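The values are calculated or read from the model by the stated rules, or taken from the named source; none is laboratory data. Source: prediction; values computed, not measured. A quick note on method: Cβ atoms are made from the backbone with ideal geometry, for glycine too, and the neighbour counts reach across all protein chains shown. Note: areas computed on protein heavy atoms with side chains; ligands, DNA, RNA excluded. Shrake-Rupley method; radii C 1.70, N 1.55, O 1.52, S 1.80 Å.
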Amino acid sequence: RSVSRLRRDCGSGKNDGNCWNCKHLWTKSKGFSKQGQDAYTDIHHRVSSDKSVNGARINHSFMNGGTPEQECCLCKQGDNFTWEAPDSVKGQIARMVFYMDVRYDGGDGDGDGTGDLELVDRGTAKDNHLGYLSDLLT
């Protein structure tokens, strides 16, 4: 559905389904929480998102399987903090997060504090890792 640009970040909370916002596909809590870090503003992994769907994904890793999400029937939320995106965007998501893994290797020397972002084949907590690599490859 089409949502007016005037509805960006509107509403009172993260679950307002009639608004949109900008989603970091590599979540900020997994490597770059400060606005001054290059990865925070890198346009190559940011997409427009329904605000309530963005709120449901939070910082979950990508993995196939789960139960359909209420606001996005083609998305699935897993029991172990995982998220499956619709088939139509899986390739785009994989390219974007692979870019982040390659681009931010911790050796930039720009001193902004962005560490080595790494795709892994496991669930992740708040660190510089995002999973599940094997599901992104399929």
Take every DSSP beta bridge whose two residues both sit in the chain, then give the antiparallel share in percent to the nearest 5. 65 percent
In the range 24-123, which GluC sites (Glu not before Pro) are in a loop and have at most 16 other Cβ atoms within 10 Å, using DSSP for the loop call? Glu71
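Nearest 20 debye, what's the magnitude of the dipole of the chain about its Cα centre given +1 on Lys and Arg Cβ and -1 on Asp and Glu Cβ?
660 debye
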Give the label of the value calculated from the structure for Cα extents along the principal axes in Å, choosing from (1) 45, 43, 29; (2) 41, 33, 23; (3) 147, 42, 23. (2)
Largest-first ranking of Ile58, Ile43, Ile93 by accessible area, probe 1.4 Å, whole protein assembly kept, is Ile43, Ile58, Ile93
Measure of exposure for Arg46: accessible area at 1.4 Å probe, Å² rounded to 10, is 70 Å²
What number, rounded to the nearest 500 deg cm²/dmol, is the helix-based mean residue ellipticity at 222 nm of the chain, given -39500 (n - 2.57) per DSSP H run of at least four residues and division by all its residues? -6500 deg cm²/dmol
With all protein chains present and a 1.4 Å probe, how do Phe98, Phe62 order by accessible area, largest first? Phe98, Phe62
With all protein chains in place and a 1.4 Å probe, Thr138 shows an accessible area in Å² (nearest 10) of 130 Å²
Please give the per residue accessible area of the chain, computed with a probe of 1.4 Å over protein heavy atoms only, in Å². 56 Å²
Heavy-atom accessible area of Val102 with all protein chains present, probe 1.4 Å, nearest 10 Å²? 110 Å²
Helix 87-103: inclination vs the chain longest Cα principal axis, degrees, rounded to 10, gives 20 degrees
Contour minus Cα-Cα span, Val102 to Leu74, at 0.36 nm per residue, comes to 7.2 nm
